[in-house]
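The following block contains the structure, expressed as structure tokens.
The values are calculated or read from the model by the stated rules, or taken from the named source; none is laboratory data. Keep in mind that what you see is a predicted model, and the values were worked out from it rather than measured. Every residue, glycine as well, gets a Cβ built from its backbone with ideal geometry; the counts of neighbours run over all protein chains shown. When the accessible area is computed, the model is the full protein with side chains, heavy atoms only, and any ligands, DNA or RNA have been set aside. Shrake-Rupley method; radii C 1.70, N 1.55, O 1.52, S 1.80 Å.
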Amino acid sequence: MTIKLFVTGGTIDKRYNELNGGLSLDGTQIPDMLAQGRCLADISVETILLKDSLDIHAEDRDYICTHCLRCDSTQIIITHGTDTLSETAAVLAQKVHNKTIVLLGAMIPFVFKGSDALFNLGGAITAVQCLPVGVYINMNGQIFDWDQVIKNTQKGIFQVKI
């Protein structure tokens, strides 16, 4: 079975913009990451958004849901910015009931040394193949139920809700 991987943007795909010194989203790094990780899983990558998660709104979440509902695969991975990743996961959990969906992001862009992006992507690929139907978040080497996780901005990690 083919795993569907939807790219929506976020830090994982940001690059340094030498013109203004900021970070920008001008394409996805996911095919390069899959090649670097020597991934042999059958994965179909589709870019549906390229946004910072702070710029993702209700219409975008509905757009992501529509893609999940319409795709034939029952195993879906979504790259997403970490700031509103949990909000998108909540919408997916309400609307998509017959698929396994794993969302992931990165605290440091893939193109930067010390990035967690490749590790998180590898975890998500394994998780989507092993988990039952539901919505999950994969960060920091852990799989979280969508409603049992928070981003700890003080520590820069995702952790179980207390």
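Count, please, the residues in the stretch 33-48 that happen to be part of a loop (DSSP other than H, G, I, E, B), over 22 Å from Phe144 (Cβ atoms) and in contact (Cβ under 8 Å) with a residue 12 or more places away in the chain.
The qualifying residues number 2.
Can you report the number of residues in the stretch 93-123 which are out of contact with any helix residue (DSSP H, G or I) (no Cβ under 6 Å at 6 or more places or on another chain) and either open to solvent by less than 10 Å² (accessible area, probe 1.4 Å) or farther than 18 Å from Leu23 by Cβ (or both)?
Count: 9.
Could you look through the stretch 49-83, keep only residues that are out of contact with any Gly (no Cβ under 9 Å at 6 or more places or on another chain) and in a loop (DSSP other than H, G, I, E, B), and pick out the one that is most open to solvent (accessible area, probe 1.4 Å)?
Top of the filtered list is Asp72.
What's the number of the condition Asp42 fails, among (1) open to solvent by 70 Å² or more (accessible area, probe 1.4 Å); (2) out of contact with any strand residue (DSSP E or B) (no Cβ under 7 Å at 6 or more places or on another chain)?
Answer for Asp42: the failing condition is (2).
I've got another one for you. For the subset of the stretch 132-146 comprising residues that are aliphatic (A, V, I, L, M) and open to solvent by 60 Å² or more (accessible area, probe 1.4 Å), which member is farthest from Gly114 (Cα to Cα)?
Val133
Suppose we keep only residues that are within 20 Å of Thr88 (Cβ to Cβ) and in a strand (DSSP E or B) within the stretch 1-22. Which one would you say is most open to solvent (accessible area, probe 1.4 Å)?
Lys4
Still on this structure, I have one more. With respect to Val149, is the statement that it is more than 25 Å from Met1 (Cβ to Cβ), open to solvent by less than 40 Å² (accessible area, probe 1.4 Å) and touching a Ser or Thr at 6+ places or on another chain (Cβ under 8 Å) true?
yes
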